[in-house]
1. Run through the DSSP bridge list for chain B and note the antiparallel percent, rounded to the nearest 5.
2. Which log10 I(q)/I(0) values, to two decimals, does the stretch F:76-152 give at q = 0.10, 0.21, 0.25, 0.27 Å⁻¹ under the Debye formula with one point per Cα?
3. Using Cα-Cα distances under 8 Å and only pairs 6 or more residues apart, what relative contact order does the stretch C:154-241 have, in percent?
4. For the ranges A:35-44, A:219-228, F:33-42, F:193-202, what's the packing order if you count other beta-carbon atoms within 10 Å of each residue, average per peptide, and put the highest first?
5. Suppose you put the label 7 Å out from Cα in the Cβ direction; list, shortest first and in nm with one decimal, how far residue F:5 is from each other copy's label.
6. Just tell me how shielded D:115-124 is by partners: mean number of partner chain Cβ atoms within 10 Å of each residue's Cβ, no decimals.
7. What do the square roots of 5 times the Cα gyration tensor eigenvalues come to for the stretch A:172-212, in whole Å, largest first, as semi-axes of the equivalent ellipsoid?
8. For the stretch A:127-145 and the stretch F:127-176, write down the distance between their C-alpha centroids in whole Å.
């Protein structure tokens, strides 16, 4: 890997999140030559695996293994690396060791962008916890006194929030619509790894089509499939439009 | 002028506004080859001309002429065209004829961006009125049934709000910081046309320096002078960062 | 019509709005025995009729007539009465006479609910103007001194805002999801009257399916097709749930 | 009247408003030696006079005269001057001539404060219209070119919003609680002029008692009767507390 | 107890809260046949017991016992069960064991509604902590992998926030007003258990009367005593009004 | 020290914060005869000491000592006492023991005001953590059952939030501008202790000048240097202006 390769980092609470909410951005930037890494804080073993738990006598470690396998296959389809933290879900509880590892990841990648959850989500407390964790790591990574290394090139990257399940209830407001037309088929294939959640395949296909039409309306340029993002910090620009 | 030349439109309530708040964007895009037009709704004759009215017996038409002259000189320094509507100030009152003309301007320019005031300003009711007017014209220009012409290429441009005098009181939140380093001297020369408001030269120089430092902090790239903008509509993008 | 029949009132800026945004509520309450009246402030002749204006030499009166015909057919399918105000669109401009007529309608119907647009819509200034107009009429209708009649039974009804095209950009937040499963086919047939906007048939079908799934998630009761509403005033209740 | 006498200005939509919402502030500042003037935009003849309209054959001019008389008696009890604009109510419609007169009043009084309605009120469109009107007049009064007079001492006064009927629905947030203990009996006597609204006497007595207890909680100093205000502009201070 | 009996759950930080803020809802639903359970996270022993601590040498365990006794008597009057967590107050600190127990309670009750504090309260950090805790438990209870039991009928119930002491400062906005006329005397008797806080008896009686009048205004149906609630999630409905 | 001496308390995350953001208020109140104490939660050793960490082999204890020395010298210039908690920075982690000590400080000082950070700061998670900590201590100090002492005179003081680095991004809205003209030179001398951050000397001088001009605009009284504050709780007043 060349040191000039651009990178992106995704921080999600559960495996489904990176597929439904940001799979297009992952695949698109991979296609553009970025190294993209997914930091998946839990396996979604308790809250996102309703189907697995219907089988009598199923064990936690089996559910985790099954979910991990799915997540890895989905990441592979999208072209991304994936690292797990096994922080638990429902509730997700992060530790100082996890935070330390996350800061190291920021230093290793020096990402051009970070993708994570919305700031609020009254339906799922793990989601804003993942966002809080990602933001804390991003900021600590800036501290010269954290594992001091004067040659470290780190600059805190822009943060983009991907779309929650019920955006208005999360006070989520898109500021960008990413055109994912050229990777839609890849994203859709990643959906299909999540075999137990087939009803969501269609739900998130509809979301992508409607965001795509909105992208077209806002820009006057045709877009079929879109992903919404909310940018957290002001952008420094050289030209307006 | 080539039909391929990009254009920008600025809609301001008073002459001072386009100098202090958006003079850098005007000069920068002119330098980049854009045709930029300023639609200046009033001469700021009553509310922005405290100095002129201190002279006994001064007449409204004289104040207007003097302000118009200043505005034209400032626009020339920035490299922009300027058109006035003489809508009055304190209060600014727009008419259907002005609206019709503004729609025509949108059609003529097919601008790549529109720059206007913040959505709220409890210190100056003319400012949000100018914003409302600009937004209404921008939307009407989209209507196929307004002066129908099936060959009209118009697509509603993005809107960027420039910075008001007391941003927090206007619920203004920057989403972009434009680097105006390469045109700072031009903007500063335009300040100097507004000879009666010398105290504001320094005020807005400080604003530019502080926005510049913020631009640097947000991007990790050095910026000395900045102008803040708030984007109103989601942006359709092909890559995140 | 029995004086005991319940009634509902819809106030929309343009014909498309009552079909896409609230056609399910209209059909559902008609099915439940309500008299529902649509007050359609304009024909959407300039802004919602892109297709009609592509024909050379087309006249405003023809476009209006064509749109009126469509709106009447859609209302008939939904089972509602419709009244037009011909207030123009892009921009919609209401008059005191229209306001007076709207107050009379409130008095005649004594509706159990009013359905209208979101409070804000940066994409379409006609929409919040219709909302403002509906709210003003609703309030004036309360005034004992407006066409005094001590026997008038009027009580200001609850207001529900139907969903705009890009809800987050309008700061729209659903507080109710209406289950429209039993009238979905009726709503869909009303879509098909709007032959020139076939791309929106699928868009609003997807909206209905996704709101339906959200309705199911929020209640634990299956729902396939939903319409979102935002209630404006507190509800007085005898039991919580 | 000495030129050193401090003054206050109240701008209300209807007579009831200045009694219920700000009668304590009026009486208190009068007691402190201020000249207080109430600018009452309408007589509340249509919307605030339910009782009067129950009498068969009652005429608009009679209702207005009766309401004017009540308002004058209430103002007298509070110790304030009152001026009416007869702008109508439900809906209240202001004219340029009224605005001009309001600007003159700002110039004549050079008030130390302006009291008016909340910024929003979904129950009563006349209220925010009065606020808008008061704010516009306050700002125009600053314009050197409005009836130019270089010796005019005017400086735009702070604006305080008094409490609406249902504060949370109006997005109203108190920032000050004024202790009105020493004038409570005066305010209560002014209530009693409004004989037809006896149910509101008790309602607003309860509001005063509850705001008083909140005032005590926020300050640690006993307060029995309070009036809530929301300050609109930042205060310049020489000490914090 | 029949398995068809509906249930309600109240989660409060301190004993006073369930009496002042939601005693009417508790008594009303009990009267309607619901089983209502109060989960009282602390005894309010440090912050709500100013009176008890005035006695020299009083011990923490005595204050707790005295408060527990009061809380139990108040719950009995209202007709509810009560369970304590002894999480401490000022500050209230919850543990994983408490969370686990709370999840079990959600499973046992499968409540039709949950009543808890406002989302924010700058006067009392225990209140939003109780809300956060209630929400987390409600969500974890949904996870199939938490104490897996495929036959568990749980569906996450609607959440209603009861009214804080100073609603506007808590950004609290009522969306429902519950008519508690038929149980007012019961609620008032529960007040009287809290003998040391007699000044609050009157305060909250005034709150109930004013909310009652607001309930009447919003519905056109008479209401004397009301309790305000803010609903957190969209409601799925079959009819609008 | 007389028991009648008024006091003020400042709670900051890092040393730089009390210098840049609130040094004027500290010096001004000291000049007015107040005892002012700064509770500095960390030494800013990791995140605010970029310069120190550029030296190879530098040790954490040395950086802390150096920062502590700077902070003490700056406090001395301003005339304030300072106490450190050594809670760490990037991230700042408070303990129950620190909270207990902070409550004692509230009891010892019975301050007339508390100054702390903004409620939000997406650039620095230590800042809102300091605010949260200060608020929790302020509230616990009110509890009669916390280290019971019936003779304790404590009443919870008003809280003022000082200005963050990028106010709009922190949803910070000034409600007060403190005139610091008479202590500006003192504040500026405190800046100069922070030798490694010379670029911020000019940044915060510009902030002070621009806030000063805003203070003048809002009051009509000249002000050269200002500091912005946001008051959190309603103020109980005896007169409006």
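1. About 30 percent, rounded to the nearest 5.
2. Values, matching the q order: -0.27, -1.06, -1.30, -1.38.
3. Values: 104 pairs, mean separation 38.7, N = 88.
Taking the mean separation of contacting Cα pairs over the length of the stretch C:154-241, I get 44 percent.
4. Details: A:35-44: 25.3, A:219-228: 20.5, F:33-42: 23.3, F:193-202: 15.1.
Most protected by this proxy first, the peptides run A:35-44, F:33-42, A:219-228, F:193-202.
5. With the label placed 7 Å along Cα→Cβ, residue F:5 yields 4.6, 6.4, 6.4, 7.1, 8.3 nm.
6. On the way: counts 1, 0, 0, 0, 2, 1, 1, 7, 7, 2.
Other-chain Cβ atoms within 10 Å of each residue's Cβ, averaged: 2.
7. Details: eigenvalues 79, 34, 12 Å².
With the √(5λ) rule applied to the stretch A:172-212, the semi-axes are 20, 13, 8 Å.
8. 25
Any read-out appearing in this document is the output of simple, stated calculations on the displayed coordinates, not a laboratory observation. Because the structure is a prediction, the values reported are computed rather than measured. Because the Cβ atoms are built from the backbone with ideal geometry, glycine has one as well, and the counts that use them run over all protein chains shown.
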